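Take a look at the structure below.
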Amino acid sequence: MSLKEKINPAKLPEHIAIIMDGNGRWAKQQGEQRIFGHENGVKSVRDTVEAAAEIGIKYLTMYAFSTENWNRPKEEVIALMQLLVYTINAETATLNKNSIRLQAIGDLKSLPPDCYNELQEAIENTKNNSRMTLVLALSYSSRWEIINAVKEIAQKVEDKTLSASEINEDTIAQHLCTANIPDPELMIRTSGEHRISNFLLWQLAYSELYFTDKLWPDFRKEDLFEAILDYQNRERRFGKTSEQLV
Ligand code: FPP
């Protein structure tokens, strides 16, 4: 039985989030520049998106560029942005063919204009697709997102369109970039690092975390299936006891 066949379709996570890590180390192992790792990481993105859509995942969020990544060497930042523009442009037709809708979260206005425009165009061109939503986290950090949400909520309180006592979990969730996207049930991080790194801090509150030593450019469909199988064997209690779940 293949790994894919072992997956229980009735217990699929609706949303999977991925921290794609290890491109730089992978390139170094090959004696190449870091960007070579990112270029090969695109193949893993393609394979993972295809696998997720194939088995019926509804939302896939991929951490492509963090707010902190702006501090990397200038050449790497420029090369990554060019790679993003190129990839988004090259993949839009395939997204449409597979009915995948593209969305993005993060401080998108901070992206270079060509990258921003390419992204908006792809989002617009794929907006009616319904099989799966691919969310790219770009110039994203969770603390940035939470600060923004707090500012917007504070403004509403100041304008008296919202009272402070009405603020609840839903108010916060609706002011995050992920408003209308369900929280991920499963978060995967590659490259052996066991950290969340400012990624979806609010949304990951009850997510199952899965870590693999594989470096991102080596991540393939089978690795995604393995992560999902691991998830399906876990008991999600949300603070309750095992007995209460029966
Ligand atoms: C982390 O590896 C990877 C990134 C910061 C960039 C991820 C980007 C891609 C895979 C390419 C484009 C993606 C899309 C969605 C079009 P790292 O550089 O931190 O690796 P290291 O920890 O080994 O240095």
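The values are calculated or read from the model by the stated rules, or taken from the named source; none is laboratory data. None of the values given here were measured: they were computed from a predicted structure. Cβ placement follows ideal geometry from the backbone for every residue including glycine, while neighbour counts extend to all protein chains displayed.
Remarks
- Subset of the stretch 25-44 (residues that are surrounded by fewer than 21 Cβ atoms within 10 Å (Cβ to Cβ) and under 15 Å from L83 (Cβ atoms)): E32, Q33, R34, I35, F36, E39, N40, V42, K43
- Residue check for R189: under 24 Å from E54 (Cβ atoms), among the basic types (K, R) and at pLDDT below 95: no
- Any hit, the stretch 232-245, residues being modelled with pLDDT under 95, β-branched (V, I, T) and more than 25 Å from Q103 (Cα to Cα): yes
Residue by residue, here is whether (1) in contact with a helix residue (DSSP H, G or I) (Cβ under 9 Å, 6 or more places away or on another chain); (2) part of a helix (DSSP H, G or I) holds:
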site	(1), (2)
A52	yes, yes
Y63	no, no
E68	no, yes
E75	yes, yes
A79	yes, yes
Q82	yes, yes
T87	yes, yes
T94	yes, yes
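- Residue list for the stretch 198-219, restricted to those being within 16 Å of the ligand (Cβ to nearest atom), part of a loop (DSSP other than H, G, I, E, B) and either surrounded by 15 or more Cβ atoms within 10 Å (Cβ to Cβ) or of a type in the set (A, V, I, L, M) (or both): N198, F199, L200, T212, K214, L215, F219
- Each residue in the stretch 41-63 was checked for being over 22 Å from A79 (Cα atoms) and of a type in the set (F, W, Y), and 1 of them qualify.
- Any hit, the stretch 48-59, residues being closer than 28 Å to P182 by Cα, away from the ligand (no atom under 12 Å from the Cβ), surrounded by 15 or more Cβ atoms within 10 Å (Cβ to Cβ) and among the aromatic types (F, W, Y): yes
- Scope the stretch 164-189; condition of a type in the set (S, T, Y) and either outside any loop (DSSP other than H, G, I, E, B) or touching a helix residue (DSSP H, G or I) at 6+ places or on another chain (Cβ under 7 Å) (or both); matching residues: S165, T171
- If you check N40, N117 for being assigned to a helix (DSSP H, G or I), more than 9 Å from the ligand (Cβ to nearest atom) and not basic (K, R), only one passes: N117.
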